[in-house]
Amino acid sequence: MSWRRRFALVALALFSVAGFAAGGAAWWLFQWLQTPYRGYVDPERRVTIASGESAGQILTDLAAAGAVTHPRLARLYLTRRLGNPSLKAGTYLFRDPMTPGAVLGKLVRGEVELRAVTVIEGLTLGETAETLARGGFGDVETLVALFRHGEWIADLDPGAPDLEGYLFPDTYHFAPGTSAEVVAKTLVESFRGKWRGPLAPLLAAAERSPRQVVTLASIVEKEAKLAAERPMIAGVYANRLRLGMALGADPTVIFALARAGRYDGNLRRDDLAFDSPYNTYRHAGLPPGPICSPGLASLAAAAAPAAGPYLYFVSRNDGSHVFATTLAEHSRNVERWQREYWRDRWARERREADAARRAAGADSGPGRD
């Protein structure tokens, strides 16, 4: 066999081996990309990516956390296959086995872990700040200062001195580390979205300015417990406003006392004489502004109050109210559902307490053989 033929055979053999090796490597790479991996035993694993951290270090951290295998290969895939996109900073949550491509895609898209915080209806500006601070989104002082930016809602309420009433109550999801300013603006933008979205048809026929609607809604939010009664309570106040009567809403007095640092959790008869423009017992008409953040149902009720003759309502002490047209009827309702109810309840509680004390005394007496 000539040397040329031997050389050709050797070369062919080498090329075959290389081809098999390349094919095997390609197959292995394909399998690596398609195989979900989970290298941690805990139910979940969090990985925090710092801003400015290199891709190589990020992939090393992911491998150490058990989210991916072969960080160098992942780096090669990131640069050659994905075009070397940036990996976004933040905290990432891993629970289920994931392929390398899915892990890298998660970081490229910035699908960071979000933390939920719920702002319930009826909170004041300060109470909203406390709720957000407990959720880890800023401190109370910073948030309250941001909530003083009335200009953020100037398109709807040009004269707003702050954002009282315009921090929409909802459940929000923010990434850990989200700035307090972003959080605050998100709440305002959520209010704006509701105002220009589902409320828009009702507001088109409203006879009041946006600030008046929100102020009325904030009172309804504090007074109403049942959804069906919100339009009726708004209707009572609308009738009083039309007749020039004082609204006589206890929550406005509580708001005034709290602003002055004088509210201790109990509203007394003397408090109804407290001199404040927010005291709707002393001053007819709506107070100067909202007293809390109303929810969507209260805003809708204030935009379109129920038609009816009612001028009064009193609590049944179970969340519902009794409505009346005349003062005489209202006085009877107050006697029945407030004075008699509480007299009977206190008397029953005293009897039960006395019976419990007698039973305790009997139990502690001399034993019997």
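The values are calculated or read from the model by the stated rules, or taken from the named source; none is laboratory data. What you are looking at is a predicted structure, and each value in this text was computed from that prediction instead of being measured. Backbone-built Cβ (ideal geometry, glycine too); neighbour counts: all protein chains shown.
Would you say LEU299 is surrounded by 14 or more Cβ atoms within 10 Å (Cβ to Cβ) and under 23 Å from ARG196 (Cβ atoms)? In short, yes.
GLY150 satisfies every condition listed in (1) in contact (Cβ under 8 Å) with a residue 24 or more places away in the chain; (2) under 17 Å from TYR166 (Cα atoms) except (1). Given the criteria over 22 Å from the mean Cα position of the chain (by Cα), surrounded by 15 or more Cβ atoms within 10 Å (Cβ to Cβ) and of a type in the set (A, V, I, L, M, F, W, C), does LEU247 qualify? Answer is yes for this residue.
Considering each residue of the range 304-314 in turn, at least one proves to be among the aromatic types (Phe, Trp, Tyr), part of a loop (DSSP other than H, G, I, E, B), more than 29 Å from the chain's Cα centre (by Cα) and surrounded by 16 or more Cβ atoms within 10 Å (Cβ to Cβ).
Residue count for the range 240-288 satisfying the condition of being touching a residue at least 60 places away in the same chain (Cβ under 8 Å) and either at positive phi or charged (D, E, K, R) (or both): 1.
Scanning the range 253-283 for residues that are loosely packed, with under 14 Cβ neighbours inside 10 Å and touching a helix residue (DSSP H, G or I) at 6+ places or on another chain (Cβ under 6 Å) gives no hits. Counting the residues of the range 53-87 that are in a loop (DSSP other than H, G, I, E, B) and in contact with a Gly (Cβ under 9 Å, 6 or more places away or on another chain) gives 6. One residue alone among ARG282, ARG262, ARG240 is part of a helix (DSSP H, G or I) and charged (D, E, K, R), and that residue is ARG240. Looking at GLU349, GLU340, GLU329, just one residue is closer than 19 Å to LEU243 by Cα, of a type in the set (D, E, K, R) and not assigned by TED's automatic domain parsing to the domain that holds LEU247, and that residue is GLU329. Residues that are over 23 Å from ARG95 (Cβ atoms), in a helix (DSSP H, G or I) and at pLDDT below 90 do not occur anywhere in the range 32-47. Criterion first (assigned to a helix (DSSP H, G or I), touching a residue at least 24 places away in the same chain (Cβ under 8 Å) and touching a strand residue (DSSP E or B) at 6+ places or on another chain (Cβ under 8 Å)) does ILE219 satisfy it? Judged against the criteria, ILE219 is not a match. Set side by side, the residues THR99, THR69, THR60 differ, and just one is surrounded by fewer than 20 Cβ atoms within 10 Å (Cβ to Cβ), free of Cβ contacts under 8 Å to residues at least 12 places away in the same chain, of a type in the set (Ser, Thr, Tyr) and within 18 Å of GLY39 (Cα to Cα), which is THR60.
Of all residues in the range 108-120, those that are on the phi > 0 side of the Ramachandran plot have Cβ atoms under 6 Å from Cβ atoms of residues that are of a type in the set (D, E, K, R) and outside any helix (DSSP H, G or I), 6 or more apart or on another chain, in GLY110/LYS88.
When the range 127-145 is limited to residues that are under 15 Å from the mean Cα position of the chain (by Cα) and small (Gly, Ala, Ser), the one that is surrounded by the most Cβ atoms within 10 Å (Cβ to Cβ) turns out to be ALA129.
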